[in-house]
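**Q** Here it is: the structure, laid out below.
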Amino acid sequence: MKTSNEVNEISTLRIVFIETLSRQFIAITGCGIYVYLNPVTINELFNRYLSSSVPINVFARQCVRNIVA
């Protein structure tokens, strides 16, 4: 069972992930994240990020390029 601290860390990381992904979308496309993705897809990307060893900025940039391309 996850402790309260672990849940808080994951929640904080999720917020940072969404903000980073959103900034990348705006920088590359001029539009926000929700123009391209729904909340379920964003959560799936977050779970993929958690299982990867790629830095958050690199992961976000790759996601935007894959989705927009």
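**Q** Tell me which residues, restricted to the stretch 43-55, are open to solvent by 90 Å² or more (accessible area, probe 1.4 Å) and in a helix (DSSP H, G or I). Explain how you work it out, then say what you get.
**A** The first filter runs over the stretch 43-55 and keeps only residues open to solvent by 90 Å² or more (accessible area, probe 1.4 Å), leaving 44, 48, 51, 53.
If the condition is that a residue be open to solvent by 90 Å² or more (accessible area, probe 1.4 Å) and in a helix (DSSP H, G or I), then 44, 48, 51 are the ones that fit.
**Q** Also, I was wondering about something else. Based on this model, can you work out whether residue 63 counts as in contact (Cβ under 8 Å) with a residue 12 or more places away in the chain and open to solvent by less than 60 Å² (accessible area, probe 1.4 Å)?
**A** Answer is yes for this residue.
**Q** Do you know which residues across the stretch 10-37 are of a type in the set (D, E, K, R) and open to solvent by 90 Å² or more (accessible area, probe 1.4 Å)?
**A** Restricting attention to the stretch 10-37, the residues satisfying the condition of being of a type in the set (D, E, K, R) are 14, 19, 23.
Answer for the stretch 10-37, where residues must be of a type in the set (D, E, K, R) and open to solvent by 90 Å² or more (accessible area, probe 1.4 Å): 19, 23.
**Q** Take the conditions modelled with pLDDT of 95 or more and outside any helix (DSSP H, G or I) and apply them to residue 21. Does it pass? Show your work before the answer.
**A** Details: modelled with pLDDT of 95 or more: yes; outside any helix (DSSP H, G or I): no.
Against the criterion (modelled with pLDDT of 95 or more and outside any helix (DSSP H, G or I)), residue 21 does not qualify.
**Q** Give the stretch 1-31 a look and list any residue that's closer than 18 Å to residue 69 by Cβ and more than 12 Å from the chain's Cα centre (by Cα), or say none.
**A** Hits for the stretch 1-31 are 26, 27, 28, 29, 30, 31.
**Q** May I ask you to say which residue of 40, 58, 7 is open to solvent by 80 Å² or more (accessible area, probe 1.4 Å), outside any loop (DSSP other than H, G, I, E, B) and either touching a strand residue (DSSP E or B) at 6+ places or on another chain (Cβ under 8 Å) or not hydroxyl-bearing (Ser, Thr, Tyr) (or both)?
**A** Selected residue: 40, the only one of 40, 58, 7 that is open to solvent by 80 Å² or more (accessible area, probe 1.4 Å), outside any loop (DSSP other than H, G, I, E, B) and either touching a strand residue (DSSP E or B) at 6+ places or on another chain (Cβ under 8 Å) or not hydroxyl-bearing (Ser, Thr, Tyr) (or both).
**Q** Looking only at the stretch 26-45, count how many residues are without any contact (Cβ under 8 Å) to a residue 40 or more places away in the chain and either under 20 Å from residue 58 (Cβ atoms) or of a type in the set (Lys, Arg) (or both).
**A** Number satisfying all stated conditions: 11.
The values are calculated or read from the model by the stated rules, or taken from the named source; none is laboratory data. From a predicted model like this one, the values you see are computed outputs, not experimental measurements. Neighbour counts are summed over all protein chains in view; Cβ atoms, including those assigned to glycine, are modelled from backbone coordinates with ideal geometry. We work out accessible area using only protein heavy atoms, side chains counted, and drop any ligands, DNA or RNA first. Shrake-Rupley method; radii C 1.70, N 1.55, O 1.52, S 1.80 Å.
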